[in-house]
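Below is one structure, written out as structure tokens, with a few remarks after it.
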Amino acid sequence: MAELTEELPQVKADKPAVPSTDVRVHPAPEPSPHPRTGTPTVIVDDLHIIYRVYGAASESEKGNAANALMRLVKRQGRPEMKEVHAVRGVSFVSYHGDAIGIIGRNGSGKSTLLRAIAGLLPPHSGAVYTDGQPSLLGVNAALMRELTGERNIVLGCYAMGMTPAQVKERYDDIVDFSGIGEFVQFPMSTYSSGMGARLRFAIASAKAHDVLLIDEALATGDREFKRKSQERIMQMRKEAGTVFLVAHNLDVIEETCNRVIWLHKGKIKMDGDPKTVLAAYNA
Ligand SMILES: Nc1ncnc2c1ncn2[C@@H]1O[C@H](COP(=O)(O)OP(=O)(O)OP(=O)(O)O)[C@@H](O)[C@H]1O
């Protein structure tokens, strides 16, 4: 804890956009089970994320086909609003050079947590502090299906803040890494899901990231691409970025990450070294 509070002022100093009054460490995040030295890259402090779903079924209607049919016949809508409490009081700290795997069953809150760290979902309560710009690379990362791979590479690189000269310099490497070959001249709508995922990863990883969040993007790649992308994640770690990786493929997590967070029903069930956490998860 002493280590954490000593380091927080550095985060505040680097991030003037966060008003100092909003930098809360109360309730303080739990110290990492594997304390590291250096500046924290991400501090997640008692984070709660709640989705509001309008038109959801009420409790009494649960699984009741007759009611559903009746509503259809009467053309009645569903005025109810339901809340889905997807992340429930998650706290942890990550450091430069961390590659953190996030595992858990379907619906345990993994993607929601990544989106919250990326700043795409507002916390219901609690807070996320990041040192540097987080970039989310998901299976649905925003590339344009109707444009060619070539156009998407150029636009994607610009969107990440590269200059025209940097795009020119990195272009061939991105195409090589993605392995899509001559398909780079075709619209992305003609790509298989694996080709699309490879191109997204190739574009996103062409730039050094302070915090890179990868949501299952490696799931559709073949074995060779998985090996290349794992190597690239290792390289990013060496360059002292922080990588978060959501994957159902536990081998990828074990081979790539130095730490694993196991989410269960929106809460951290375990946070530690990959061997220990994966053994408990598989038990
Ligand atoms: N846009 C949304 N609106 C309402 N509820 C949502 C939304 N997105 C996710 N949820 C709910 O939040 C909970 C956590 O979902 P999330 O997608 O974060 O889980 P996950 O662990 O990534 O799941 P998976 O492994 O299946 O991808 C689930 O109950 C899900 O139904």
Task: Net charge, VAL128 excluded, C-beta distance under 11 Å - Lys, Arg +1, Asp, Glu -1 - done: -1
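For GLN166, what is the net charge nearby, where nearby means another residue's Cβ is under 15 Å from its Cβ and Lys, Arg count +1, Asp, Glu -1?
On the way: positive: LYS168, ARG170, LYS207; negative: GLU169, ASP172, ASP173.
Taking every other residue near GLN166 into account, the sum is 0.
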TODO: Would you mind calculating the relative contact order of the range 136-282 from Cα pairs under 8 angstrom and at least 6 residues apart, reporting the percent as a whole number?
DONE: 21 percent
- [ ] Take every Cα-Cα pair in the range 136-282 and report what % of them are more than 21 Å apart.
- [x] 45 percent
Task: Around VAL175: net Lys/Arg minus Asp/Glu count, Cβ-Cβ under 11 Å - done: -3
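Every number here is computed from the coordinates shown, using simple stated rules; none is lab data. In this text the structure is predicted, and so the values were computed from the model without any measurement. FYI the Cβ positions are ideal-geometry reconstructions off the backbone, even for glycines, and counts take in every protein chain you see.
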